[in-house]
């Protein structure tokens, strides 16, 4: 949203406005005081990085005076984008006119003029835009070459007196994509290839904009920061400049005690690491290979520096039952000192099948299958464990793996309300079998790779074999 707003402001004759949804008050809030009702604009751009955003997008459009499902009446052209929308546009039929597949750069510059002059049908000429009912051929994703200078958001989406997620600070994208292709990761698959800005351009942007920015703090965006060749030097330079920074979740195979010191010195109070499993054999199977003894040293170092530690795990990885997951957690915690065990926090999510990953062959009910006995298995764990409600996982997977008929659910949930209790009803639905996203979009990922990697992972787990589709 920040980057799109920055780019649109540079276009001649284009006046962008920003709208955000206030969940607590169920209102659509305009961030510019002179903003018109959304129904009076020429074009509406909707950011959709996450499947559970879809019902709220429908609700926002309704709050903005636009009838959902979309009608042919006079109204703005509604275009979506983002990782989730790019991976499978089918569930958004009736909520959007079109979806930008992949990166927005090179498309966003032309989008407002074509939408105003030719309507949604004209967007087909842009190539990487799927327009419902008009562009019938498979749409290939747009991969942008990152510009010489990183785009920045001088003014954040929130009012400056409100602290947004990750805190106040200069938003700075360092890289895009990820070289790792972890089996469960939608974003790593959809945003490939891995690209990063030059070290000099990143430093130039920081030095230039921190001079005028009210907060001497940088919020770093990167899927895999320590895969960027100059990442450590960047963190060291920020420390030398006495600038605070927010560092994203780190991989266990790259983080070491020196990185922990850097993160602490940059003002971050919590070290977040995503090993996915505390059984290194299981973790390596899906793309996270690490040594548990090294991870233990890192965590002890962080606690010694007064930092909190949070670990992200996934339930349902191939070859790891709930009992085995809990056993791996207990075994790892036994290697830590008692004060560290008391302070560590563990967040556990069920594996959620996603399109364009090897997990796309699993059923949308898989989060329920792997969560049934999880809380019981974790009872003896001597650490704080936050377990995601399986119902949200099922709803998310149902949308992610959905077809055009799923859009009816999205619209109903948006207009009538959206509750986790919907998940029990969804368990009665058969998995659809047809992977419509492979017909609609081309993300450059061979179907043979997805199938062969799924079959390899399934060889370790009967749940995968029984939940997988033919």
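Restricting attention to segment 409-448, the residues that are out of contact with any helix residue (DSSP H, G or I) (no Cβ under 8 Å at 6 or more places or on another chain) and either exposed (fewer than 14 other Cβ atoms within 10 Å of the Cβ) or under 26 Å from residue 143 (Cβ atoms) (or both) add up to 13.
Taken over segment 301-331, the criterion of being touching a helix residue (DSSP H, G or I) at 6+ places or on another chain (Cβ under 6 Å) and part of a helix (DSSP H, G or I) is satisfied by 301, 302, 303, 322, 323, 326. Restricting to segment 37-77, give me the number of residues that are in contact with a strand residue (DSSP E or B) (Cβ under 6 Å, 6 or more places away or on another chain), closer than 17 Å to residue 8 by Cβ and assigned to a loop (DSSP other than H, G, I, E, B). Selection size over segment 37-77: 1. In segment 236-261, the residue that is nearest to residue 343 (Cα to Cα) out of those that are assigned to a helix (DSSP H, G or I) and in contact with a strand residue (DSSP E or B) (Cβ under 9 Å, 6 or more places away or on another chain) is 260. Taking residues in segment 324-351 that are free of Cβ contacts under 8 Å to residues at least 40 places away in the same chain, and partners anywhere that are in a helix (DSSP H, G or I), the pairs with Cβ atoms closer than 7 Å and at least 6 places apart or on different chains are 337/300; 339/303. When segment 237-257 is limited to residues that are farther than 22 Å from residue 215 by Cβ and touching a helix residue (DSSP H, G or I) at 6+ places or on another chain (Cβ under 8 Å), the one that is surrounded by the most Cβ atoms within 10 Å (Cβ to Cβ) turns out to be 255.
Condition (residue is closer than 20 Å to residue 71 by Cα, over 21 Å from the mean Cα position of the chain (by Cα) and in a loop (DSSP other than H, G, I, E, B)) applied to segment 114-125: is it met by at least one residue? Before you say what the answer is, go through the steps one by one.
First pass over segment 114-125, keeping only residues closer than 20 Å to residue 71 by Cα: 114-124.
Next, from what is left, pick out any that are over 21 Å from the mean Cα position of the chain (by Cα): 114-124.
Narrowing further to those that are in a loop (DSSP other than H, G, I, E, B): 119.
The answer is yes; a qualifying residue exists.
Check whether at least one residue in segment 343-365 is part of a helix (DSSP H, G or I) and surrounded by fewer than 19 Cβ atoms within 10 Å (Cβ to Cβ), and report yes or no. Looking through segment 343-365, at least one residue is part of a helix (DSSP H, G or I) and surrounded by fewer than 19 Cβ atoms within 10 Å (Cβ to Cβ). Counting just the residues of segment 91-113 that are under 15 Å from residue 57 (Cβ atoms) and out of contact with any strand residue (DSSP E or B) (no Cβ under 8 Å at 6 or more places or on another chain), which one comes out surrounded by the fewest Cβ atoms within 10 Å (Cβ to Cβ)? Among those residues, the one meeting the criterion is 94.
Of 419, 465, which residue is in a loop (DSSP other than H, G, I, E, B) and either touching a strand residue (DSSP E or B) at 6+ places or on another chain (Cβ under 8 Å) or modelled with pLDDT under 95 (or both)?
Numbers: 465 fails: in a loop (DSSP other than H, G, I, E, B).
Being in a loop (DSSP other than H, G, I, E, B) and either touching a strand residue (DSSP E or B) at 6+ places or on another chain (Cβ under 8 Å) or modelled with pLDDT under 95 (or both) holds for just one of 419, 465, which is 419.
Pick from 32, 51: which is touching a residue at least 12 places away in the same chain (Cβ under 8 Å) and exposed (fewer than 14 other Cβ atoms within 10 Å of the Cβ)?
32
Residues that are in a helix (DSSP H, G or I) and either closer than 17 Å to residue 267 by Cβ or in contact (Cβ under 8 Å) with a residue 60 or more places away in the chain (or both) within segment 185-230 comprise 186, 187, 189, 190, 206, 210, 225, listed in sequence order.
The values are calculated or read from the model by the stated rules, or taken from the named source; none is laboratory data. Quick caveat, the model's predicted, so the values are computed rather than measured. When we count neighbours, we look across all protein chains shown, and the Cβ atoms used for this are built from the backbone with ideal geometry, even at glycine.
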